[in-house]
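Encoded as structure tokens, the structure appears first; notes follow it.
FYI, it's all coordinate maths here, none of it is from the lab. All values reported here derive from a predicted model rather than from experimental measurement. All Cβ positions, glycine included, derive from the backbone under ideal geometry; neighbour counts span all protein chains shown.
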Amino acid sequence: MQSVARFCKKASDILERLCLIGAGALLVVNLLDVMLGVFGRFYRPPMWTTDLARITLVWMVMLAAAPALKQGEHMAIRIIVDRLPKTPRLAVAVLRRLVFAGILVFMVVYGYNYAYKLRLFTIMTLGIKKNIPLMSIPVGMGLMLVQYALQQFIPVSGADDSAKEEAS
């Protein structure tokens with residue numbers, strides 16, 4: 001079991017790093033694009049800057065969601081759960097994990113189906129298919145699902161990690 005935990009920890013760290021590199025690169029593209037759009041208003045602004053900014057922003061957020069999940073940055077309200085006796089608290093924790101994983105699976109499946117339905121439409125200003133920005137939802141949610149699954153096999157160590165684990 002220790003080797004599985006080590007493998008999951010390493011895979012989780014690699015996934016986090018790749019997602020953050022991708023989100024960081026998109027942040028740079030987004031900033032440059034917005035600056036081009038702002039300064040271009042004094043001359044002849046390119047029409048495509050708004051669409052590119054919107055697409056890079058959505059992809060950036062969806063790529064950064066998995067690392068945020070790993071770091072425990074997503075919100076959790078536990079005031080009532082913390083006051084429950086041990087057995088109901090564990091039942092709520094299991095139910096919360098199942099519901100969260102179910103929502104992620106739902107978002108991957110329906111996000112993909114929606115993007116697939118719009119694959120024939122084009123964003124005219126950029127000349128790209130409309131499913132490229134829409135694929136950010138199933139990709140981002142899929143990465144969160146993988147990260148969440150990996151976190152379930154990594155043992156919690158220390159008081160700080162227990163708070164992060166409870167948040168997930």
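Here are a few things to note about the model shown:
- Note on the chain: Cα convex hull, mean projected area over all directions, 12.4 nm².
- Coordinate range along principal axes, alpha carbons of region 54-137, Å, largest first: 57, 22, 16
- Of Met62, Met124, Met135, the one that fluctuates the most in a GNM where the chain has Cα springs shorter than 10 Å: Met124
- Neighbour-limited loop hits for chymotrypsin sites (Phe, Trp or Tyr not before Pro), region 4-89 (at most 10 other Cβ within 10 Å; DSSP other than H, G, I, E, B): Phe42, Tyr43
- Report summary: the helix-based calculation at 222 nm, which adds -39500 (n - 2.57) for every DSSP H run with n ≥ 4 and divides by the residues of the chain, gives -25000 deg cm²/dmol.
- Max mean-square fluctuation residue, GNM over the chain, Cα-Cα springs under 10 Å, options Pro88, Pro133, Pro46: Pro88
- Cβ-Cβ FRET estimate between Val58 and Leu84, R0 fixed at 41 Å, reported to 0.05: 0.60
- Spin-label model distance (nm) - Phe42 vs Arg6, 7 Å beyond Cα toward Cβ: 5.9
- By the Stokes-Einstein formula, at 0.890 mPa s and 25 °C, region 1-71 with its Kirkwood radius over alpha-carbon pairs has D equal to 177 µm²/s.
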